[in-house]
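Please read the structure below before turning to the comments.
The values are calculated or read from the model by the stated rules, or taken from the named source; none is laboratory data. What you see is a predicted model; the values in this text were computed from it and never measured. As a convention, Cβ positions derive from the backbone with ideal geometry for all residues, glycine included, and neighbour counts pool all protein chains shown.
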Amino acid sequence: MSTTFVPSLAQQSSASVKNYQALDLLCTLIAVLDMNGAICFANAALENALGQSRRTMEGGEFALSFTEPALLDKALSGARSNDFAALRFEASLQRLGQEPLPVHATVSIAEQTGHVMVEMWPLEQQARQDREERLREQAQANKELIRNLAHEIKNPLGGIRGAAQLLQMDLASPELREYTTVIVHEADRLQALVDRLLAPHRHPHDVGDVNIHEVCERVRSLVLVEFPQGLKITRDYDISIPEFRGDSAQLIQAVLNIVQNAAQALSLRIAQGDGEIILRTRVARQVTLGRQRYRLALELHVIDNGSGVPDAIKERIFYPLVSGRDGGSGLGLTLAQTFVQRHHGLIECESQPGRTDFRILIPLP
């Protein structure tokens with residue numbers, strides 16, 4: 001006599017929820033609910049945002065996770081009566097021991113399983129992605145502008161220098177030759193500036209295995225030679241970070257530009273003997289860069305205890321020829337951003353008086 005196995009409701013629910021495990025790869029916060037609003041599945045991004053595991057959340061009433069539960073209750077009521085295909089609203093998620101998280105939420109029905117899907121985008125995350133996109137677009141526009149401008153400057157510059165040298169040979173008066181010497185000197189200075197502008201576009205991407213701590217140590221030794229007194233560079237490394245494929249020379253130059261920039265901004269504190277720069281490495285998980293999701297990323301912080309980036313240039317510090325100090329070329333951070341973006345990464349900056357943090361993010365294998 002044969003018997004037919006009939007799965008329990010819990011087993012049916014568990015089997016259908018397995019269809020949603022791929023949602024763990026997404027950076028948006030997602031909850032899968034039954035028609036009564038009970039949580040069947042929560043993806044990893046939602047776990048991280050709420051500070052709870054999906055096991056503790058499953059079976060609970062998801063509306064209670066919002067500061068205003070009625071918003072989700074109303075959406076669920078509409079789902080049950082088939083009033084809409086998708087409903088959008090803005091709300092705030094309650095988090096353990098933290099401020100509520102403002103989100104933009106979309107509620108829709110997964111027709112194949114009959115579950116309700118709640119997708120949430122943190123408003124701060126959306127703003128960050130928009131800022132990253134602007135940075136990348138601006139970097140691309142800067143690259144084209146710089147390349148075209150540099151070539152336009154370079155050709156007449158050579159003619160000016162050559163004409164000044166010929167004129168210098170025909171002048172008998174030492175006083176007059178001083179003027180041509182100034183022309184030649186300034187032409188050479190502009191040529192060096194043009195070469196720096198074109199440098200990132202001239203050199204090929206020489207890819208090999210990169211150990212980020214070897215990069216940091218090289219930079220640390222170079223900067224301490226330049227600033228032997230009054231500056232302390234503290235190491236705070238996560239030695240478990242794996243090697244990755246990249247251009248070691250370009251990354252050394254990128255980190256060196258940022259650390260030198262920090263050291264120069266610390267001139268007053270260095271004179272007092274208490275200037276400090278921290279090099280901190282960490283692994284970041286589930287990072288979105290350029291609208292692409294990465295499971296792991298290198299997170300390198302360059303933190304200084306200086307006076308901070310002036311408010312007037314905070315939004316423009318990665319633009320070419322923008323500098324916060326007298327005599328600065330305004331190219332160091334621009335080149336650093338270019339080199340890091342060649343590694344599919346990004347540099348961000350948070351600054352306030354007493355603490356400026358440049359964060360380099362680069363995807364890891």
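Does VAL255 count as closer than 25 Å to THR334 by Cα, among the β-branched types (Val, Ile, Thr) and buried (at least 18 other Cβ atoms within 10 Å of the Cβ)?
Here the answer is yes, as VAL255 does meet what is asked.
Restricting the stretch 30-57 to residues that are within 16 Å of VAL103 (Cα to Cα) and polar (S, T, N, Q), which is surrounded by the most Cβ atoms within 10 Å (Cβ to Cβ)?
Only one residue tops the list, namely ASN43.
If a residue must be under 20 Å from ASN43 (Cα atoms) and assigned to a helix (DSSP H, G or I), how many such residues does the stretch 70-90 contain?
2
Looking at the stretch 246-300, which of its residues are under 19 Å from PHE318 (Cα atoms), of a type in the set (Gly, Ala, Ser) and modelled with pLDDT of 90 or more?
Answer for the stretch 246-300, where residues must be under 19 Å from PHE318 (Cα atoms), of a type in the set (Gly, Ala, Ser) and modelled with pLDDT of 90 or more: ALA254, ALA262, ALA263.
Give me the residue from the stretch 311-326 that is part of a loop (DSSP other than H, G, I, E, B) and over 13 Å from CYS349 (Cβ atoms) and, out of that set, modelled with the lowest pLDDT.
ASP326
For ILE239, only one of the following conditions fails: (1) under 22 Å from the mean Cα position of the chain (by Cα); (2) part of a helix (DSSP H, G or I); (3) modelled with pLDDT of 90 or more. What is its number?
(2)
Going by what's in this entry, would LEU26 be described as at pLDDT 85 or above, under 30 Å from the mean Cα position of the chain (by Cα) and surrounded by 12 or more Cβ atoms within 10 Å (Cβ to Cβ)?
no
Take the stretch 214-235 and flag every residue that is in a helix (DSSP H, G or I), surrounded by 17 or more Cβ atoms within 10 Å (Cβ to Cβ) and touching a strand residue (DSSP E or B) at 6+ places or on another chain (Cβ under 7 Å).
CYS216, ARG220, VAL223
Regarding VAL223, is this residue assigned by TED's automatic domain parsing to the domain that holds ARG282 and more than 23 Å from the chain's Cα centre (by Cα)?
Here the answer is yes, as VAL223 does meet what is asked.
Can you list residue pairs whose Cβ atoms sit under 7 Å apart, with the first residue in the stretch 353-365 being in a loop (DSSP other than H, G, I, E, B) and of a type in the set (S, T, N, Q) and the second being at pLDDT below 90 and buried (at least 16 other Cβ atoms within 10 Å of the Cβ)? Count only pairs 6 or more apart in sequence or on different chains.
none
Considering (1) assigned to a loop (DSSP other than H, G, I, E, B); (2) at pLDDT 85 or above; (3) surrounded by fewer than 14 Cβ atoms within 10 Å (Cβ to Cβ), say which one GLN98 fails and leave the rest.
(2)
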